[in-house]
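Working notes, beginning with the structure itself.
The values are calculated or read from the model by the stated rules, or taken from the named source; none is laboratory data. Since the model is a prediction, treat every value here as computed from it, not as a measurement. Cβ atoms come from the backbone with ideal geometry, glycine included; neighbour counts cover every protein chain shown.
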Amino acid sequence: MRYIWSGNVRELQNVLERALMLAGGDRLNIVLPVQPQRSDELEHTIRFTPGRSLQEITDEVTQSLCEYVLRRSGGSRQGTARLLNMSRTALYRHMKRLRVTGDIETRNQVDERY
């Protein structure tokens, strides 16, 4: 919980892979702190369905986290990169690959999922 991610998706993938192996059921609840000094947290539930790859699950978590932090930072990509402790270039790569636009309409639609 205290570890600050460096933006390395392979490291996140390895942690998720270990968590999947150790999970006793068909659900894995992940609580990701957004800012260490605040109690505001993102909770994301992953549902395991046959045929989903680890990469698809990792992409889902990464996309949700990017969208959530974009909302929290008021749409500021620089603020989002700072909160995620990654470079803006790494954030832009993730956003482009996962089709995260960061516009207000997308952020409001994402709110309905939580």
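Overview of results
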read-out	value
Residue, surrounded by the fewest Cβ atoms within 10 Å (Cβ to Cβ), within the range 7-54, restricted to residues that are modelled with pLDDT under 65 and of a type in the set (G, A, S)	S39
Pairs, first free of Cβ contacts under 8 Å to residues at least 24 places away in the same chain in the range 13-33, second part of a helix (DSSP H, G or I), C-beta under 6 Å, six or more apart	L28/A19
Complete set of residues in the range 45-78 that are of a type in the set (A, V, I, L, M, F, W, C), in a helix (DSSP H, G or I) and farther than 21 Å from T89 by Cβ	L54, I57
Every residue from the range 81-95 that is closer than 15 Å to Q63 by Cβ and not in a helix (DSSP H, G or I)	L84, M86
